[in-house]
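In what follows, a single structure is set out as structure tokens and then discussed.
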Amino acid sequence: MIKTIGVLTSGGDAPGMNAAIRAVVRAGCELGMQVYGIRRGYNGLMENDMYEMNLRSVSDIINRGGTILYSARSPRFKTEEGMQDAIATCKKRGIGGLVVIGGDGSFRGARDLSLRGIPCVALPGTIDNDIGCCDYTIGYDTAMNTIMQMVDRIRDTTESHDRCAVVEVMGRGAGYLALNAGVACGATSILIPEVPYDFERDVIERMKRTQKSNKVHFVILVSEAIGGVDEMAKRIQSETGVETRATILGHVQRGGSPTAKDRIVASQMGYRAVQLLKDGIGNRVVAMQKETVLDFDIFEALNMKNHVDLDMYKMALEISI
Ligand code: ADP
Ligand code: F6P
């Protein structure tokens, strides 16, 4: 059995990361493992910045957004020199296995460490839900609910003033957040990178059509991969006559107390990671597919593709008119 493990959070933080850390630490301690909490992602591993955690180190964090271990993007870790520093730290501390919580960039780091003999188990932690082998990533549900609450507020004022709101949401290169939050908010149009769009047809004409059935206020949801919401707002105003405001929701989407779903999935995934390492199994990605927690070979996982639900997009077009 691996006697000493480390846990780190890397890349953009996501609500639920703390619940995952808690599960890793508690499950590890219960098995008699020594568990190190590594600060600031791969930076802490390269710089030997970590502390030993115990059952009480993770008290009162299941409900907290962010990550108590802090997170970072660590460009130096992508170099051979950085990688060797990380391996040297593992040797110095006797770390026999690592739990890496992050997005697909962090997974590539875990894959490279695994290739160099440090068994890693990676957990999907990102609000973007953009990891190939996963239907669901830790943080996605909280971010989606935050977007929904923010857009509901925008809708209140939009309704009061007979306006149109163009709202940009995060998701990096993927449209999961925009599409699903768009459905939850009843957006008139949803623009995502996975579906080619024609602004005239998909926004202006749809608005004009709904105006004919007496609709007077509108929400247009735009994925950050498309962007350009200020220009869109100007164009909508001049072509439809509807006063329009643009909002970029920004980092509010990354914070906040995790939803029940994020806490539960993060706990299951953290627990699973330790069970794998306990049996000496590394080089795995823990994933959720069809509501079931599974694990995949890290190399295979990085080659898998996840697709947005185009039927959902089609449905949204039909019912939000
Ligand atoms: P995320 O994990 O959210 O996708 P990043 O893409 O910024 O975030 O990746 C987080 C960190 O993972 C990077 O700063 C780097 O240290 C490491 N990483 C990213 N890509 C690679 C890669 N191709 N090889 C090794 N490490 C990587
Ligand atoms: O990957 C999470 C995410 O919030 C993306 O949605 C967004 O594109 C990016 O990180 C923002 O990164 P930063 O916090 O570095 O501005």
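The values are calculated or read from the model by the stated rules, or taken from the named source; none is laboratory data. Since the model is a prediction, treat every value here as computed from it, not as a measurement. FYI the Cβ positions are ideal-geometry reconstructions off the backbone, even for glycines, and counts take in every protein chain you see. Just the protein is used for accessible areas: all its heavy atoms, side chains included, with ligands, DNA and RNA removed. Shrake-Rupley method; radii C 1.70, N 1.55, O 1.52, S 1.80 Å.
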Among all residue pairs at least 6 apart or on different chains, which show Cβ distances below 7 Å where the first residue, located in region 237-257, is touching a residue at least 60 places away in the same chain (Cβ under 8 Å) and the second is open to solvent by 70 Å² or more (accessible area, probe 1.4 Å) and of a type in the set (Asp, Glu)?
GLN237/GLU243; ALA246/ASP230
Please verify whether region 253-274 includes one or more residues that are touching an Asp or Glu at 6+ places or on another chain (Cβ under 8 Å) and in a strand (DSSP E or B).
no
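Restrict the check to region 119-126 and report whether at least one residue is of a type in the set (A, V, I, L, M), open to solvent by 10 Å² or more (accessible area, probe 1.4 Å), within 16 Å of ligand 2 (Cβ to nearest atom) and in contact (Cβ under 8 Å) with a residue 60 or more places away in the chain.
no
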If you check ARG172 against the conditions, is it over 22 Å from the mean Cα position of the chain (by Cα) and open to solvent by 30 Å² or more (accessible area, probe 1.4 Å)?
no
For region 110-137, enumerate the residues that are touching a Ser or Thr at 6+ places or on another chain (Cβ under 7 Å) and in a helix (DSSP H, G or I).
none
Set ALA86, ALA72: member being aliphatic (A, V, I, L, M) and not in a loop (DSSP other than H, G, I, E, B)
ALA86
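For every residue, the table says whether it meets (1) surrounded by fewer than 24 Cβ atoms within 10 Å (Cβ to Cβ); (2) free of Cβ contacts under 8 Å to residues at least 12 places away in the same chain.
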residue: THR4; (1), (2): yes, no
residue: MET17; (1), (2): no, no
residue: ALA23; (1), (2): no, no
residue: ARG26; (1), (2): yes, no
residue: LEU31; (1), (2): yes, no
residue: ASN48; (1), (2): yes, no
residue: LEU55; (1), (2): yes, no
residue: PRO75; (1), (2): yes, yes
Residue within region 295-303 that is of a type in the set (A, V, I, L, M), open to solvent by 20 Å² or more (accessible area, probe 1.4 Å) and not in a loop (DSSP other than H, G, I, E, B) present
yes
